[in-house]
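Comments concern the structure below.
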Amino acid sequence: MSNLEMFIDLLKYPFMQRAIICGIAISFCAALIGVILVLKRYSMIGHGLGEVAFASLSLALVLGMPEMYIAIPIVIIASFIILIISQKQGESGDITIALVSAGALAFGVIITAITNGFNIDVYNYMFGSILTMKTSYVIISVGLSIILVIIYLIFYNRLFMITYDEKYAKVCGINVTFYQFLIALFTAIVVVIGMRMMGTMLISSLIVFPAVIARRLTHSFKEMSVMSIIISIICFLFGLIISSILNLPTGASIVMVYIAVLLFSIIWTKILK
Amino acid sequence: MEIVRIKDLRTSYNGHIAIKNVSFNIEKGEYVCLVGENGSGKSTLLKTLVGLNKKDNGEIILNIEPDKVSYLAQNNMTEINFPATAKEIIMTGVQKHKKLPFYNKEDHEAFEEICNELSIKSIINKQISELSGGQRQRVMLARALIRKPELLILDEPCSGLDSIITKEFYKILDKLNKEKGLTIIMATHDLNEIESENIRVICMATVVKFDGNVIEWNKQEK
């Protein structure tokens, strides 16, 4: 049996079907929020929240509680805190992300060390294990993804306005703070639902790479959003196929596909110029 | 009809008093130019007027709906490579506080109208980075005008543009003021490029140093 036939054979199994459904939903959402974060130069927020997600998962494992119940509120609160402090610091807002992520990682490592140590659960969350997702996780992830996409579509014009020119939006009487919190909430949820797929260490790549690649290939915000979704889903599927065939971690495989596509996009745009 | 009343306004910027004891009124249809050296408080005054800066004390009374005020900032090209077309940017101008976040038929009609008026139809689908400085400034003006304002506030809109483009831009403003009765308040360094004689000049130096007609101002300057 060839590698590809083996992959096609795997598609019959529920764990692979769950992985594909969940992966597509998360890739879709991450691509959308990634466009805003990259253009607003908040790319590192995803990385910082990934570390916070790791700390909250360590806590959930210690407390013996479902990871989502702990991770969702903690990551959302951390996201708001990062946003508020970053805005007060202005251009040096990355300092907040660096401090929060280092602090959260240290907290997670200490909690893990003094309890069960780095067991398979912790490893899976750090580096992703999309094939071990339970049905309940898939239902929550897909449900949240659908809600996020609906909210994004409703507020698309406002989100574009805030992303392009926040000051002008304020002058127009738009409640900028509300939309900033919406973006923070959106990011936090994507990080939480995406951590099982990519791992807390690599979750930021799911948010940043598709937007960065799409930005190179498009001329408008709408085109960039659509292209980012397409790239995100295609790279996820390729990453999943490669990881299944070569028996590699899925999150890392997806990142390698992103890097290949990014290099291709750089060469492509250079040729076109 | 009085459209703006400013009384004893004091505003700080980065901990320093930027303007103090500033009082003046602006009538509907006036074309007011704020002049003064860098740091004289022109931009701070305009930002306070549109709500981007907080005032320390004093009063600002706008006798029009907030939706009827529009603003064109000084450095609106900070992200020049932003992936957005001229149309996407101009359309954001119709967004209002209590309006649904969707564009309706009237918004699209307003877009067509403003593009024809400013002769920018040929560039509406181009990315903002592909446009020249003058074209970009027209796009920003279109964004400010699409909401059909009664008061237009501009903060050095032509900084960085060459003399020909600057003159063309001021001609558009003059036309809007004369033909549509648009009230204009503009901070500017290049008063000489503005050909209109109906301009009221307010010279700032933390306080109001001069407030009068452009002809009187020119005499004083000489």
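The values are calculated or read from the model by the stated rules, or taken from the named source; none is laboratory data. Treat the numbers as computed from the prediction; the structure is a model and nothing was measured. In this analysis, Cβ positions are derived from the backbone assuming ideal geometry, glycine residues included, and neighbour counts consider all displayed protein chains. Areas reflect the complete protein model, heavy atoms only, side chains present, ligands, DNA and RNA absent. Shrake-Rupley method; radii C 1.70, N 1.55, O 1.52, S 1.80 Å.
Conditions tested, residue by residue: (1) touching a residue at least 12 places away in the same chain (Cβ under 8 Å); (2) outside any helix (DSSP H, G or I); (3) open to solvent by 50 Å² or more (accessible area, probe 1.4 Å).
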residue	(1), (2), (3)
B:V4	yes, yes, no
B:D8	yes, yes, yes
B:V22	yes, yes, no
B:S43	yes, no, no
B:E109	no, no, yes
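Mind listing whichever residues of the range A:87-142 are modelled with pLDDT of 80 or more, exposed (fewer than 13 other Cβ atoms within 10 Å of the Cβ) and closer than 25 Å to A:M16 by Cβ?
Matches in the range A:87-142: A:K134, A:T135, A:S136.
Could you list, in sequence order, the residues of the range A:164-218 that are assigned to a loop (DSSP other than H, G, I, E, B) and in contact (Cβ under 8 Å) with a residue 24 or more places away in the chain?
A:G199, A:T200, A:M201, A:L202
Within the range B:82-91, which residues are open to solvent by 10 Å² or more (accessible area, probe 1.4 Å) and either farther than 16 Å from B:H108 by Cβ or at the interface with chain A (Cβ under 7 Å from one of its Cβ atoms) (or both)?
Here is the first cut: in the range B:82-91, the residues open to solvent by 10 Å² or more (accessible area, probe 1.4 Å) are B:85, B:87-88.
Those that are open to solvent by 10 Å² or more (accessible area, probe 1.4 Å) and either farther than 16 Å from B:H108 by Cβ or at the interface with chain A (Cβ under 7 Å from one of its Cβ atoms) (or both): B:T85, B:E88.
Among the residues of the range A:27-37, is there at least one that is of a type in the set (A, V, I, L, M), over 19 Å from the mean Cα position of the chain (by Cα) and under 28 Å from A:S232 (Cα atoms)?
Scanning the range A:27-37 turns up no residue that is of a type in the set (A, V, I, L, M), over 19 Å from the mean Cα position of the chain (by Cα) and under 28 Å from A:S232 (Cα atoms).
Could you tell me which of the residues A:I72, A:I8, A:I81 is open to solvent by 50 Å² or more (accessible area, probe 1.4 Å) and modelled with pLDDT of 85 or more?
Unique residue meeting the criteria: A:I81.
Looking for something hydrophobic (A, V, I, L, M, F, W, C), closer than 29 Å to B:L161 by Cα and out of contact with any His (no Cβ under 8 Å at 6 or more places or on another chain) - is there at least one such residue anywhere in the range B:9-22?
For the range B:9-22, residues hydrophobic (A, V, I, L, M, F, W, C), closer than 29 Å to B:L161 by Cα and out of contact with any His (no Cβ under 8 Å at 6 or more places or on another chain): present.
Which one of B:N57, B:N38, B:N53, B:N63 is without any contact (Cβ under 8 Å) to a residue 12 or more places away in the chain and closer than 24 Å to B:C203 by Cα?
B:N38
Against the definition (away from chain A (no Cβ under 11 Å), closer than 30 Å to A:L153 by Cβ and either among the β-branched types (V, I, T) or not in a loop (DSSP other than H, G, I, E, B) (or both)), how does B:I60 come out, yes or no?
Criteria not met by B:I60.
Only residues that are surrounded by fewer than 24 Cβ atoms within 10 Å (Cβ to Cβ) and free of Cβ contacts under 8 Å to residues at least 60 places away in the same chain: list them for the range A:231-245, please.
Correct list: A:I234, A:F238, A:I242, A:S243.
Can you name every residue in the range A:151-164 that is surrounded by 21 or more Cβ atoms within 10 Å (Cβ to Cβ) and either in contact with an Asp or Glu (Cβ under 6 Å, 6 or more places away or on another chain) or more than 7 Å from every other protein chain (Cβ to nearest Cβ) (or both)?
A:L159, A:I162, A:T163
Please state which of the following conditions A:G48 fails to meet, knowing it meets all the rest: (1) open to solvent by 10 Å² or more (accessible area, probe 1.4 Å); (2) at pLDDT 85 or above; (3) over 22 Å from A:I230 (Cβ atoms).
(1)
Please pick out the residue among B:V69, B:V35, B:V50, B:V94 that is more than 25 Å from B:E112 (Cβ to Cβ), within 12 Å of another protein chain (Cβ to nearest Cβ) and either among the hydrophobic types (A, V, I, L, M, F, W, C) or under 13 Å from the mean Cα position of the chain (by Cα) (or both).
After applying the criteria, what remains is B:V50.
Kindly evaluate B:H16 against the criterion of being at the interface with chain A (Cβ under 10 Å from one of its Cβ atoms), open to solvent by 40 Å² or more (accessible area, probe 1.4 Å) and modelled with pLDDT under 90.
Taking the combined requirement at face value, the residue does not satisfy it.
Identify the single condition in (1) away from chain A (no Cβ under 13 Å); (2) under 16 Å from the mean Cα position of the chain (by Cα) that B:I114 does not satisfy, given that it satisfies every other one.
(2)
Only one of A:L57, A:L32 is buried (at least 24 other Cβ atoms within 10 Å of the Cβ) and out of contact with any Gly (no Cβ under 9 Å at 6 or more places or on another chain). Can you tell me which?
A:L32
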